[in-house]
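Below is one structure, written out as structure tokens; comments come after it.
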Amino acid sequence: MHRTGELYGQFQTLEQQKDSAALGMWVFLVTEVLFFGGLFLTYTINRHAFSTAFGVSSNTLDLWLGGFNTVVLIMSSMTMAMSVWAAQVGKKKQVTVFLILTLLLGTTFLGVKVIEYTQKFQHHLVPAYHFDITYHSNHPLATDKPEEIANEKEELEKAVDRKNPANDQDLNAHAQLYFSLYFGMTGLHALHMIVGAGLLVWLIKESLRGRFTPQYNTPVEIVGLYWHFVDIVWIYLFPLLYLIDRHR
Amino acid sequence: MSEHIVSPKVYAVILTTLLVGTAVTVWAAYQNFGSLNIVIALGIATFKATLVVLYFMHVRYSPKRTQLVVVCAVVWLGIMLALTLTDYTTRPPNGRLSTPRAIQTFQA
């Protein structure tokens, strides 16, 4: 990567050079869209086939943590966009400030994700590891909102009742399918967040040396594109994973 | 350089819209619209994603060939989703997905 911002021989103007870099990043993001697209496709097919199990499983997720994380990630996209703006208008100090804010919001997101994953272990919701979809609502030590757990319990008892032939006879197995997708999709998303955080650390280091100017801010712009893409993935993950059948 | 600089005011409007969109999604999830629930949820998500692409990612002000690449991403994703789902949603009723044999053995 050209790091000083001089014009390379194959380009005629700096603008053309920057547009080419952005185009290259977009081509990479197209492959990412299809990469995540495969997971969304798997999700859609299984949700269509096992809608009860998916609804029941989705309702065990903590909507407050998920909603908080959605807001955090949208805010981080805002600060990322602002650091691009600061670089474009030559406010060098603000570039660093906004990049640090973005990194802080990104790590907050990952921290909340750790809390959520821990809860999944405590509630026996990790596939192939003492998985039991009824555990949470039956267990007196599970300390979420009692009235919400009572609702879940009622819903589960109806769904688990094997005497009703209309019910999903393998609810526990199909709930594991939901949680496999939950961990697969949020895990891959979190991995992208970790890569993004690494890139931000590098950007902060460079911006502290005053590297980014109105003439040369391609790295901020390019990492910004990546960061916003990861935000878009979450914009879809949040309603698809957390908000199934909430109205019951 | 004729680079277009998006002003912080525009970013602020987009941010507000995205946050309102999130609130509306959560509200809508608690209403019973029947089979429309998923359509509404995905509609709002797509609206939010479009705003991010157009303004935060500057696609609205990008060269036409960059815009073409973005459109291609959506089209190819559409092909993958549409053609696969055409298959899955037109299987005969007795051809539905069943519990994999490995899990049946595990449960027995």
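The values are calculated or read from the model by the stated rules, or taken from the named source; none is laboratory data. This structure is a prediction, so every number in the text was calculated from the model and none was measured. All Cβ positions, glycine included, derive from the backbone under ideal geometry; neighbour counts span all protein chains shown. These area figures cover heavy atoms from the full protein model, side chains too; ligands, DNA and RNA do not enter into them. Shrake-Rupley method; radii C 1.70, N 1.55, O 1.52, S 1.80 Å.
Considering Cα pairs under 8 angstrom that are at least six residues apart, work out the relative contact order of region A:130-210 and quote it in whole percent. Walk me through the intermediate numbers first.
Values: 24 pairs, mean separation 17.5, N = 81.
Value for region A:130-210: 22 percent.
Provide a whole-number value for the mean count of partner chain Cβ atoms within 10 Å of the Cβ atoms in peptide A:225-236.
5
First check a/c for region A:32-93, with a ≥ b ≥ c the square roots of the eigenvalues of its C-alpha gyration tensor; if it is under 1.5, answer rounded, and if not, answer prolate when a/b is larger than b/c or oblate otherwise. Don't jump to the answer; show the numbers that get you there.
Values: a/c = 7.19, a/b = 2.12, b/c = 3.40.
Here region A:32-93 falls in the oblate category.
Please give the peptides A:240-246, B:37-43 ranked by average Cβ packing (other Cβ atoms within 10 Å per residue), highest first, as a rough proxy for protection. The partial results should precede the final answer.
On the way: A:240-246: 21.0, B:37-43: 16.4.
Most protected by this proxy first, the peptides run A:240-246, B:37-43.
I need to check one value: relative contact order of chain A, counting alpha carbon pairs closer than 8 Å and at least 6 residues apart, in percent. Could the numbers behind the result be given before it?
Numbers: 235 pairs, mean separation 86.5, N = 248.
RCO, chain A: 35 percent.
Using a Gaussian network for chain A with springs between C-alpha atoms less than 10 Å apart, which of these wobbles most: A:Thr70, A:Thr186, A:Thr44?
Maximum fluctuation in the GNM of chain A, among the listed residues, is at A:Thr44.
Can you list the HN-Hα couplings for region B:74-79, worked out from phi with the Karplus curve (6.51, -1.76, 1.60; θ = phi - 60°), rounded to whole Hz and with x for Gly and Pro?
5, 4, 5, 4, x, 4
To the nearest 100 Å², how much accessible surface do chains A and B hide from each other in total, with a 1.4 Å probe? List each step's numbers first, then the result.
On the way: alone 12980 and 9120 Å², together 17560 Å².
For A against B, buried area totals roughly 4500 Å².
Considering chain A as a Gaussian network with a 10 Å cut-off on Cα pairs, which listed residue, A:Val84, A:Val233, A:Val195, attains the greatest mean-square fluctuation?
A:Val195
Test of the criteria: in region A:68-150, which GluC sites (Glu not before Pro) are in a DSSP loop and have at most 14 other Cβ atoms within 10 angstrom of their Cβ? Let's see the in-between values first.
On the way: sites: A:Glu116, A:Glu147, A:Glu148; in loops: none.
Answer in residue order: no site qualifies.
Give the distance, in whole Å, between the Cα centre of region A:189-227 and the Cα centre of region A:5-78.
Distance between centres, Cα-based: 17 Å.
Among A:Arg211, A:Arg47, A:Arg162, which one shows the biggest mean-square fluctuation in a GNM of chain A, springs joining Cα atoms closer than 10 Å?
Most flexible of the set in this elastic network: A:Arg162.
In Å², and per residue, what accessible area does region A:27-181 have when probed at 1.4 Å with the other protein chains present?
On the way: 7030 Å² over 155 residues.
Here the per-residue accessible area is 45 Å².
For chain B, what are Rg and Dmax over the alpha carbons, in angstrom?
20.7, 70
Could you work out the mean count of beta carbons from other protein chains within 10 Å of each residue's beta carbon in A:210-223?
Values: counts 0, 0, 0, 0, 3, 2, 0, 1, 0, 0, 0, 3, 0, 0.
For peptide A:210-223, the averaged partner shielding equals 1.
For region A:59-144, compute Rh as the Kirkwood radius over C-alpha pairs and then the Stokes-Einstein diffusion coefficient at 4 °C and 1.567 mPa s; write the answer in µm²/s, rounded to an integer.
Values: Rh = 15.1 Å.
Stokes-Einstein gives a translational diffusion coefficient of 86 µm²/s.
Just to be sure I understand the interface: list residues from region A:35-79 that lose 50 Å² or more of accessible area between the chain on its own and the complete protein assembly, 1.4 Å probe.
By number: A:Leu41, A:Ile45, A:Ile74, A:Met78.
Please list, in order along region B:45-54, the HN-Hα scalar couplings obtained from phi with the Karplus expression 6.51 cos²θ - 1.76 cosθ + 1.60 (θ = phi - 60°), rounded to whole Hz, x for Gly and Pro.
So the Karplus estimates, Gly and Pro as x, are 4, 5, 4, 5, 4, 4, 4, 4, 5, 5 Hz.
Considering every residue in B:50-63, what mean count of other chain Cβ atoms within 10 Å of its Cβ is obtained?
5
Name the residues of region A:84-131 whose accessible area, probed at 1.4 Å, falls by at least 40 Å² once all protein chains are in place instead of their chain on its own?
So the qualifying set is A:Trp85, A:Gln88.
Please turn the phi angles of region A:205-210 into ³J(HN,Hα) values with the Karplus equation 6.51 cos²θ - 1.76 cosθ + 1.60 (θ = phi - 60°), one per residue in order, whole Hz, x for glycine and proline.
Result, ordered by residue: 4, 5, 6, 5, 8, x Hz.
Hand me the GluC sites (Glu not before Pro) from region A:1-77 located in a DSSP loop with no more than 12 other Cβ atoms within 10 Å, in residue order please. Each step should come with its number before you reach the end.
Working: sites: A:Glu6, A:Glu15, A:Glu32; in loops: A:Glu6.
Answer by residue number: A:Glu6.
What are the principal axis extents of the Cα atoms in region A:155-242, in Å, biggest first?
So the extents along the principal axes, rounded to whole Å, are 70, 17, 15.
Expressed as a rounded percentage, what relative contact order does chain B have, with Cα pairs under 8 Å and six or more residues apart?
Values: 28 pairs, mean separation 23.2, N = 108.
It comes to 21 percent, rounded to a whole number.
Could you work out the helix-only [θ] at 222 nm for chain A, with each DSSP H run of four or more residues adding -39,500 (n - 2.57) and the total divided by the number of residues, to the nearest 500 deg cm²/dmol? Kindly include the intermediate steps, with their values, before the conclusion.
On the way: 8 runs with 179 residues, N = 248.
The helix-only estimate for chain A comes to -25000 deg cm²/dmol at 222 nm.
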